[in-house]
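Peer 1: Below you will find the structure I want to go over with you.
The values are calculated or read from the model by the stated rules, or taken from the named source; none is laboratory data. Keep in mind that this is a model prediction, so the values were computed, not measured. Backbone-built Cβ (ideal geometry, glycine too); neighbour counts: all protein chains shown. Heads up: the accessible areas ignore ligands, DNA and RNA and are worked out on the full protein's heavy atoms, side chains in. Shrake-Rupley method; radii C 1.70, N 1.55, O 1.52, S 1.80 Å.
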Amino acid sequence: MKGCKRNPFSAFFFILTLFSNLLLAQTNSSQIDFFSPQNRLKFGDYLFREQDYLRAINEYQEYLKIANNDTARFKFAFALAEMGRETEALDNYKGLFFSSPLNEGARLEFYKINFQQGDFVRFRDLCTEKIYLPENSDLIIQKLNRFSYLLDDNLLPDSAAFVDVFDQGEKEQVLNFYMRKKFPPYKSPLTAAVLSAIIPGAGKIYTGNYGDGITAFLLTGILSFLAYDNFKADHDFRGWLFTGLAVMFYSGNVYGSVASTQIYNVGIKFHFENEVKIYLNEKKYFLNKYDFLNR
Amino acid sequence: MKNGVLFFLIGFNICYAQTDWVKWNAVEISYELPSIEIRNFKIDNGNVGSTLLTGAVKTYHVLISDIDGDNCPFFPSCSEFFIQSVKSTNVLAGILMFADRFTRDTNFFKNRAQYPFHSSGKLYDPAVNYTLKFNNINHIPYDQIVKD
């Protein structure tokens, strides 16, 4: 273009802008040791904060081979527990039980993992024998001890002794749980069987399965009528055939009513235990007060 | 320089914008529903009862079920449920469990809150829940999808 003077440096600046970042972005990568213990700890802490426990475990594991750091070991054990590697977590917490400032928290976590493992008889034995019991968290452990009775099939203690460790605000809800555990709103399989034996399908209606109950009544009724009608018309073979089918569906309905009651009761148990677990999570008895956990 | 870059960008787009020059045609779509159960036609020769039972069920599969189509709303299907029932209990209890399942299958007003869904889109109803063993019953909330 005439009159337009080309800047002789424009091409140079263009190329410089394009490639300077690529060429100069990383100049000292060879000088940094990414795998030094301190960098592994930093990266492990970062992953831990991001709740990427799976990868944090690897970093802490490598770091702890070289250094002995109680905080790192605590977080390592915590991450292991979060990833379901409970036995390894327990072993690492045990390493902090003596002569560590974190021993109280480690002992509480030890009890927490034992509770979460679901072997409540063993958990209560630990509580009774006070094995590695955290001194300052005795009340929390006692509360968990009471909750363990709600989550297994062992005999419940006396109601007054059960609720005495809870605060006034918690007592009402805990007593509600206690009563529901002691007197669960189960349906009786025997009642269902007797009802279905008297009126086919009544046992299913008793457990709330109205459609199944009505269908069973109609099916048994129709087959019985067909049997009666064929016998009346001297069709003996068809009469016996429909009699056999009617007996099969009648008996099947009695059996199914009992099974239906059991399924109903398992549902009641499942929802009750679920409610208890949600309550426990909301109460956060397990929550650690350590800032370094950043949760 | 500017013209060069501009020419390069335009040329690049023109050259590589469309590489697939094959004419697009209508695709043949199959509306056939694939069966979710893999048929095993092997007859169990463990004892006389299981030979007769599996023989009868396999005959039903070949002569009726495979021709009629995949119509059972449950997973496992009623015939498969029958085999599972007999294997987990005995012939008598298996027949009763099957009669109960058939009644529930016949029910036009199936209670949605009674069964969870299987990943195949069918209602999940395994035989193990009907063996009258309380601790074996696997309660799955109905709003969950079971992957098998």
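Peer 1: Can you find a residue in the range A:194-211 that is away from every other protein chain (no Cβ under 14 Å), among the hydrophobic types (A, V, I, L, M, F, W, C) and open to solvent by less than 20 Å² (accessible area, probe 1.4 Å)?
Peer 2: Checked against the condition, which is being away from every other protein chain (no Cβ under 14 Å), among the hydrophobic types (A, V, I, L, M, F, W, C) and open to solvent by less than 20 Å² (accessible area, probe 1.4 Å), the range A:194-211 yields no hits at all.
Peer 1: Every residue in the range B:106-120 that is more than 8 Å from chain A (Cβ to nearest Cβ) and open to solvent by 40 Å² or more (accessible area, probe 1.4 Å), please.
Peer 2: Answer for the range B:106-120, where residues must be more than 8 Å from chain A (Cβ to nearest Cβ) and open to solvent by 40 Å² or more (accessible area, probe 1.4 Å): B:ARG112, B:ALA113, B:PHE117, B:SER119, B:SER120.
Peer 1: Sticking with this one: Kindly indicate which of A:PHE74, A:PHE123, A:PHE110 is more than 30 Å from A:LEU41 (Cβ to Cβ) and open to solvent by less than 50 Å² (accessible area, probe 1.4 Å).
Peer 2: Of A:PHE74, A:PHE123, A:PHE110, the one residue that is more than 30 Å from A:LEU41 (Cβ to Cβ) and open to solvent by less than 50 Å² (accessible area, probe 1.4 Å) is A:PHE123.
Peer 1: Can you spot a residue in the range B:85-101 that is open to solvent by 30 Å² or more (accessible area, probe 1.4 Å) and of a type in the set (Asp, Glu)?
Peer 2: Checked the range B:85-101: no residue is open to solvent by 30 Å² or more (accessible area, probe 1.4 Å) and of a type in the set (Asp, Glu).
Peer 1: Do you know which residues across the range A:229-250 are touching a residue at least 24 places away in the same chain (Cβ under 8 Å) and open to solvent by less than 40 Å² (accessible area, probe 1.4 Å)?
Peer 2: A:ALA246, A:PHE249 - these are the residues of the range A:229-250 that are touching a residue at least 24 places away in the same chain (Cβ under 8 Å) and open to solvent by less than 40 Å² (accessible area, probe 1.4 Å).
Peer 1: Can you find a residue that is farther than 30 Å from A:ILE214 by Cα, at pLDDT below 90 and not small (Gly, Ala, Ser) anywhere in the range B:65-85?
Peer 2: yes
Peer 1: A further question on this structure: Return yes when A:GLN168 is touching a residue at least 24 places away in the same chain (Cβ under 8 Å), open to solvent by 60 Å² or more (accessible area, probe 1.4 Å) and out of contact with any Cys (no Cβ under 6 Å at 6 or more places or on another chain) and no when it is not.
Peer 2: no
Peer 1: Looking at A:PHE166, is it of a type outside the set (S, T, N, Q), part of a loop (DSSP other than H, G, I, E, B) and within 18 Å of A:GLU282 (Cβ to Cβ)?
Peer 2: Here the answer is yes, as A:PHE166 does meet what is asked.
Peer 1: Pull up the range A:251-268, narrow it to residues that are of a type in the set (Val, Ile, Thr) and facing chain B (nearest Cβ under 7 Å), then point me to the one that is most open to solvent (accessible area, probe 1.4 Å).
Peer 2: A:ILE263
Peer 1: Given the residues A:LEU175, A:LEU90, A:LEU144, which is the only one that is of a type in the set (A, V, I, L, M) and in contact with a Ser or Thr (Cβ under 9 Å, 6 or more places away or on another chain)?
Peer 2: A:LEU175
Peer 1: Within the range A:179-192, can one find any residue that is more than 26 Å from B:LYS110 (Cα to Cα), in contact with a Leu (Cβ under 8 Å, 6 or more places away or on another chain) and not β-branched (Val, Ile, Thr)?
Peer 2: Yes, there is a match, as at least one residue in the range A:179-192 is more than 26 Å from B:LYS110 (Cα to Cα), in contact with a Leu (Cβ under 8 Å, 6 or more places away or on another chain) and not β-branched (Val, Ile, Thr).
Peer 1: Mind checking which residues of the range B:88-109 are under 21 Å from the mean Cα position of the chain (by Cα) and free of Cβ contacts under 8 Å to residues at least 12 places away in the same chain?
Peer 2: B:THR103, B:THR106, B:ASN107, B:PHE108
Peer 1: Now a separate question. So which pairs qualify, if the first residue must be in the range A:196-217 and hydrophobic (A, V, I, L, M, F, W, C), the second must be open to solvent by 20 Å² or more (accessible area, probe 1.4 Å), the Cβ gap must be under 6 Å, and the two must be at least 6 apart or on different chains?
Peer 2: A:ALA197/A:VAL254; A:ALA202/A:LEU195; A:ALA216/A:PRO200; A:PHE217/A:PRO200
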